[in-house]
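Before any comments, here is the structure.
The values are calculated or read from the model by the stated rules, or taken from the named source; none is laboratory data. Please read these numbers as outputs of a predicted model, since none were measured by experiment. Using ideal geometry, Cβ is built from the backbone for each residue, glycine included, and neighbour counts are taken over all protein chains shown.
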Amino acid sequence: MAVEVDTARAPDTPIWLDSRYRAIFFQLVLLVLVVGFGAYIFHNTYVNLERRGIASGFAFLGSTAGFDIIMHLVPYQASSSYGQALLVGLLNTLVVAAVGVVLATIVGFVMGVARLSRNWLIARLAAVYIEVIRNIPLLLQIIFWYLVLGKSTPSPRQSIDVGGAVFLNNRGLYMPAPVFQEGFWLTPVAFVVAVVASIFVYRWARARQMATGQQFPILWTSLGLIFGLPLLALLVTGVPFSLDFPKLQGFNFQGGMVLIPEFVSLAFALVVYTGAFIAENVRAGIMAVSHGQTEASYALGLRPGPTLRLVIIPQAMRVIIPPLTSQYLNLTKNSSLATAIAYPDLVAVFAGTVLNQTGQAVECIAITMAVYLTTSLTTSVFMNWFNTKMALKER
Amino acid sequence: MKKLSLIAAGVALTAIAAGGAQAQQTLEQVKKRGQVICGVSQSLPGFANPDAQGNWAGFDVEMCRAVSAAIFGDTKRVKFVPTTAKERFTALQSGEVDFLARNTTWTMSRDTQLGFDFVGVNFYDGQGFMVPKKLGVKSALELKGATVCTQTGTTTELNLADFFRSNKMDYKVVAFEKNDEVLAAYDSGRCDVFTTDRSGLAADRTKLKSPNDHVILPEVISKEPLGPLVRHGDANWGDIIRWSFFAMVNAEELGVTSKNVDEMKKSANPEIKRMLGIEGDFGKMIGLDNNWAYNIIKLVGNYGESYERNVGEKTPIGLSRGVNALWTKGGLQYAPPIR
Amino acid sequence: MTTALDAGQKADLPPPAATVGVIGWLRENLFSSWFNALLTLFALWILYLSIPPLIQWALIDAIWTGSEAQDCKLPDGSRKEGACWIYIKAWIGGYAYGLYPYDLRWRVDLAAVLVIVMFAPLAIKRLPYKTVYGVAVILLYPVVAYMMFSGFVEFPPGAPEASTHPWRVVPTDKWGGLALTLLIASVGIIASLPLGILLALGRRSAMPIVSTFSVLFIELWRGVPLITVLFMSSVMLPLFLPEGVNFDKLLRALIGVTLFSAAYMAEVVRGGLQAIPKGQYEAAQALGLNYAKMMALIVLPQALRYVIPSIVNTFIGLFKDTTLVAIIGMFDLLGAIQLGNADPKWLGFAIEGYAFAALLYFVFCFSMSRYSLRLERKLHTGHKKT
């Protein structure tokens, strides 16, 4: 909404005093300045690149990268292209952001509720956590946790051994990796079927409750479906997978899955930091729900647990979601601090290594920024949609 | 508001005008400024390292001082700009520094694609590996499955991948942004191996908690000719850096040192006479004073002196001359004659 | 709460001992239900796990006296259990001033003293011309501080006085430590507020081109991480300029930080503008005020007052974000701490360094956030439903 200055003036006003013409003139000047400035920068960059003989364009994305990356979710090796390195970095960013968002939400809600707990000790502890974490720079926290993790874990030969299958050392957390064999496809299919079925059961049970007031154990049914069906599929197909256990070989463990310390400390710091901010948002959201709602709910005979779950949280969500969106975006953007501890995220791999190896600063930074912008805008759009869905439907 | 935009336009125009005037030769700029701006490593003992008072010392730093001596007859007219591996090329491309005297490997792509000219090789280096002694590793070929710490965006990172690929060994690489971070990670046991140029390994070993618990493996897995570089397109400026360096090497070959240079002025050797500006107009040829080489030798010293003072066997870095000996002594250092 | 009174009862009995005093408080607040009791025990367990070892490490076992790394080490070279605070003592000057020339540190101190002296009169409630003085100080102080940091006597390179003169120029790459952190933060704060206001006004402007540009600018900066902005300013900005024209590295970082934080500031200010009822605009127009006067005299004073707490929060964010310049190789407080951690003489005490940095940042940010809370209460701008 913009406030329009009333522009009607006496007909004898000279043209330079007429605010309508002034507005047009001013905008033209601004347009010329901005476009001119852009053209000036573009021209300079072009001249500079030309004169210094720096290559430009995006052809480099196809050429061989020649370096390795410690963590890659898609196949990648030194003979892969810069384009594939970009993909690896992007996926690493998305993974740490996704893990971070889920865990930070949980931590944030738990701590936000704990902050308002009637238990004095719990409320204090939560308050101390929130205040301390929010007031220390994230970069410092990331570096600190990385250092602490490195100091508190033993070398590979003295690994902490959990049942001969899981090992923890200063190279990471090693776990057995499943190796799938023929016939395994049925299990994920069964999982999807179970999820879809649960949604239908939920809808049906809700409709029935609305119509007749009869309740249906939705939680247990869905849990049973989601765990039981894949398990059944697994047994029917004869357990078609084996576990690849990590083994100590030479310098380190080979095989299995590994969570590298860079990932763990980055994710941990992001979760702890963002969780504190989310906790504050949750607290504000809950405080925004008037106390009368709680009292009314108690009067209806609901216990504190259901009151929180059925009455307070749904209303508080409307207040919580908009700031929650920006926390998610912040977390995603903050994951770029990975570059300080050698976690190969988008910025470290692409705006770092690739930029250095190719020297094409303009292209690399532009691509990196474009990726973050796209991620941010997509998240905003999704959360706006979710927000409208959650918004109070006034009748 | 209109006034503001007029001012802005004016500023933009002035900037354009200034830009035109700036496109002059580097030497003139340096003389006008009264200072040569030299890009160096951030902190690499023996090569470029500031002490607590901020005074720079090291082998690369003396290259900068030599250029300052050649131009101004004074070694103090240098501004040292510490650059990270990432910033160094942009700093040179953009004119932030006049030249880079920094552990930078001469490669074809850097020489052509990035728009630089390497002027010579003041240190022949090669990439090596350092491991803790307690691992009992004797050769780089035993490193199968090891975790390697390195600095991102360097040729080191690429050579490392090549080495393991060509020997069909798998490995894990942890690549950090800054050298100090690589070192801290290696020291804390995050990696089994630390890799960089062998000169860097020797320098960095002095920065570990207990340097004697670590050993540099014998393999040299790459050619790393390190040398100063300038922007492409100003041939005269490149000549000045190139011949300042060659003057130091020639001086060593001819036995001229900072101590005996004044006596050597009386030498009958025509090569020395030409170098020290007694005969011929060689300084003028590169736009300098005929005393240029004399000043370098007098104020900085010859190549061998600089080497021994900063990285030689008597220093904590402890590098023998090896391939960096003069060609007359079985090494690779060979400067074209001044004539 | 516990008993209902019968109609014929004579006198109130004193409340049961279990509902008043310490026991009552404990029952009410910690053990009101079995779940609550469980939570309490859990909290106590957490405290037991964290607090005693922390005190042991930071206070009891800590090494307070001595001057060398050897004092923190056992004879076999491994480090002692407790915190080695003498490392902090040895490096405190480095943390405060970074690589700033040792003999000139008094200039930074002087700048710090001046900021107190110059801003102190503003604390007086009934100072005549307080606004004028405030604006003058805010405009003047940066100039003074710059003179202190940078010095103003330039010598031809090589002159003997170039390393002794008390007012010689100190190039910006020597600035560092806490002084640099405060400098970047305050420049960012002072420069981003007006820019943010302009952008917010631009975004709400009726002129389509102006508002489009503002929206684009704001969303672009808000959509990307600060670290890419800093990378851009350190590696790309030089390519944008004509050959030979160069910005100082610090200035480039400052521009990056300011533009970034201006975009966030713009959104905060916009929130304030939106909260001003339309009637205020209409009344201002009815009085015949033009756009500039309407904004400067009527709308902005109200809007800004409304969002002061959010502005302070943005400042806290900016203050924490200044640590990122350490990644592009500048020695702010965090950079100076890392410099100290890499000091060959003091290897292995990084935890102490970072803990100290965390404490410093916490003190600064926490006091700012308390201040913002106080302002919020004072200005009654809290809009919580009660």
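Only one entry in C:S211, C:S261, C:S234 is within 30 Å of B:E28 (Cα to Cα) and either within 12 Å of another protein chain (Cβ to nearest Cβ) or buried (at least 20 other Cβ atoms within 10 Å of the Cβ) (or both), namely C:S234.
Tallying residues that are within 11 Å of chain B (Cβ to nearest Cβ) and of a type in the set (A, V, I, L, M, F, W, C) within segment C:237-258 yields 6. Scanning segment A:219-235 for residues that are farther than 15 Å from A:V192 by Cβ and among the aromatic types (F, W, Y) yields one hit, A:W220.
Looking for something away from chain B (no Cβ under 14 Å), surrounded by 14 or more Cβ atoms within 10 Å (Cβ to Cβ) and in a helix (DSSP H, G or I) - is there at least one such residue anywhere in segment A:233-250? Yes, there is a match, as at least one residue in segment A:233-250 is away from chain B (no Cβ under 14 Å), surrounded by 14 or more Cβ atoms within 10 Å (Cβ to Cβ) and in a helix (DSSP H, G or I). Taking segment C:163-208 as the range and being touching a strand residue (DSSP E or B) at 6+ places or on another chain (Cβ under 6 Å), surrounded by 16 or more Cβ atoms within 10 Å (Cβ to Cβ) and over 21 Å from C:L230 (Cα atoms) as the test, only C:R168 passes.
Contact annotation: residue pairs with Cβ atoms under 8 Å, 6 or more positions apart or on different chains, pairing a residue in segment C:70-88 that is more than 23 Å from C:G98 (Cβ to Cβ) with a partner that is of a type in the set (F, W, Y), are C:C72/C:Y87; C:C72/C:F349; C:R79/C:F349; C:E81/C:W57; C:G82/C:W57; C:A83/C:W57. Looking at C:A179, C:A185, C:A200, just one residue is under 30 Å from B:V36 (Cβ atoms), in a helix (DSSP H, G or I) and in contact (Cβ under 8 Å) with a residue 60 or more places away in the chain, and that residue is C:A179.
Residues that are away from chain B (no Cβ under 11 Å) and either more than 20 Å from the chain's Cα centre (by Cα) or within 19 Å of A:S80 (Cβ to Cβ) (or both): does segment A:338-348 have at least one? Reasoning before the result, please.
So the first thing to find is which residues in segment A:338-348 are away from chain B (no Cβ under 11 Å), and the list is A:345-346.
With either more than 20 Å from the chain's Cα centre (by Cα) or within 19 Å of A:S80 (Cβ to Cβ) (or both) added as a condition, the list becomes A:345-346.
The answer is yes, given that some residue of segment A:338-348 is away from chain B (no Cβ under 11 Å) and either more than 20 Å from the chain's Cα centre (by Cα) or within 19 Å of A:S80 (Cβ to Cβ) (or both).
For residues in segment B:323-339 being touching a Gly at 6+ places or on another chain (Cβ under 7 Å) and assigned to a helix (DSSP H, G or I), which is surrounded by the fewest Cβ atoms within 10 Å (Cβ to Cβ)? Per the criteria, the residue is B:V323.
Filtered by the rule that a residue be charged (D, E, K, R) and closer than 20 Å to A:R22 by Cβ, segment C:282-308 gives a lone residue, C:K293.
So that you can scan it fast, the table gives a plain yes or no per residue for (1) at pLDDT below 90; (2) in contact with a Ser or Thr (Cβ under 9 Å, 6 or more places away or on another chain); (3) surrounded by 12 or more Cβ atoms within 10 Å (Cβ to Cβ); (4) farther than 19 Å from A:A127 by Cβ:
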position	(1), (2), (3), (4)
C:W34	yes, no, no, yes
C:A37	yes, no, yes, yes
C:T40	yes, no, yes, no
C:L47	no, no, yes, no
C:I51	no, no, no, no
C:S67	yes, no, no, yes
C:Q70	yes, no, no, yes
C:K73	yes, no, yes, yes
C:G77	yes, yes, no, yes
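With respect to the stated conditions, A:R208 fails to be more than 14 Å from chain B (Cβ to nearest Cβ), of a type outside the set (A, V, I, L, M, F, W, C), loosely packed, with under 12 Cβ neighbours inside 10 Å and part of a helix (DSSP H, G or I).
If you go through segment A:350-392 and keep only what is over 18 Å from B:E87 (Cβ atoms) and within 12 Å of chain B (Cβ to nearest Cβ), you end up with nothing. Helices (runs of 4 or more DSSP H) fully within segment B:58-158 that include at least 1 residues being at the interface with chain A (Cβ under 10 Å from one of its Cβ atoms), free of Cβ contacts under 8 Å to residues at least 12 places away in the same chain and closer than 23 Å to C:S234 by Cα: B:88-93, B:108-112. Quick check: anything in segment B:217-227 touching a residue at least 60 places away in the same chain (Cβ under 8 Å), part of a loop (DSSP other than H, G, I, E, B) and under 30 Å from B:G73 (Cα atoms)? Yes, there is a match, as at least one residue in segment B:217-227 is touching a residue at least 60 places away in the same chain (Cβ under 8 Å), part of a loop (DSSP other than H, G, I, E, B) and under 30 Å from B:G73 (Cα atoms).
Looking at segment C:139-158, can you tell me whether even one residue there is touching a strand residue (DSSP E or B) at 6+ places or on another chain (Cβ under 8 Å), part of a helix (DSSP H, G or I), at pLDDT below 85 and within 11 Å of another protein chain (Cβ to nearest Cβ)?
No: segment C:139-158 contains no residue that is touching a strand residue (DSSP E or B) at 6+ places or on another chain (Cβ under 8 Å), part of a helix (DSSP H, G or I), at pLDDT below 85 and within 11 Å of another protein chain (Cβ to nearest Cβ).
Every residue in segment C:97-132 that is loosely packed, with under 13 Cβ neighbours inside 10 Å, of a type in the set (K, R) and modelled with pLDDT of 85 or more, please. Scanning segment C:97-132 gives no hits. Do the conditions hold for C:I337, that is, is it assigned to a helix (DSSP H, G or I), within 12 Å of chain A (Cβ to nearest Cβ) and surrounded by 16 or more Cβ atoms within 10 Å (Cβ to Cβ)? Criteria met by C:I337. Of the set (1) modelled with pLDDT of 90 or more; (2) within 14 Å of chain A (Cβ to nearest Cβ), all apply to B:H232 but (1).
Which residue is surrounded by the fewest Cβ atoms within 10 Å (Cβ to Cβ), if the candidates are limited to segment B:163-180 and must be under 28 Å from the mean Cα position of the chain (by Cα) and more than 7 Å from chain A (Cβ to nearest Cβ)? Write out each step before concluding.
So the first thing to find is which residues in segment B:163-180 are under 28 Å from the mean Cα position of the chain (by Cα), and the list is B:163-164, B:173-180.
Within this subset, residues satisfying the condition of being more than 7 Å from chain A (Cβ to nearest Cβ) are B:163-164, B:178-180.
Details: B:F163: 21, B:F164: 21, B:K178: 21, B:N179: 24, B:D180: 18.
Here the residue is B:D180.
Kindly indicate which of A:M369, A:M383 is more than 30 Å from A:F60 (Cβ to Cβ), in a helix (DSSP H, G or I) and in contact with a helix residue (DSSP H, G or I) (Cβ under 8 Å, 6 or more places away or on another chain). Don't jump to the end; show me each part of the working.
Details: A:M369 fails: more than 30 Å from A:F60 (Cβ to Cβ).
Being more than 30 Å from A:F60 (Cβ to Cβ), in a helix (DSSP H, G or I) and in contact with a helix residue (DSSP H, G or I) (Cβ under 8 Å, 6 or more places away or on another chain) holds for just one of A:M369, A:M383, which is A:M383.
Filter segment A:21-62 down to residues that are touching a residue at least 24 places away in the same chain (Cβ under 8 Å) and more than 9 Å from chain B (Cβ to nearest Cβ) and give me whichever is surrounded by the most Cβ atoms within 10 Å (Cβ to Cβ). Among those that are touching a residue at least 24 places away in the same chain (Cβ under 8 Å) and more than 9 Å from chain B (Cβ to nearest Cβ), it is A:F60. Just one of (1) surrounded by fewer than 24 Cβ atoms within 10 Å (Cβ to Cβ); (2) of a type outside the set (G, A, S); (3) assigned to a helix (DSSP H, G or I) fails for B:D204. It is (1).
Being hydroxyl-bearing (S, T, Y) and closer than 30 Å to B:D111 by Cα narrows it down to one residue among B:S210, B:S258, B:S267, B:S222; which is it?
On the way: B:S210 fails: closer than 30 Å to B:D111 by Cα; B:S258 fails: closer than 30 Å to B:D111 by Cα; B:S267 fails: closer than 30 Å to B:D111 by Cα.
Just a single option satisfies the conditions, and that option is B:S222.
Counting only residues that are facing chain C (nearest Cβ under 8 Å) and either surrounded by fewer than 20 Cβ atoms within 10 Å (Cβ to Cβ) or outside any helix (DSSP H, G or I) (or both), segment A:122-133 holds 2 of them.
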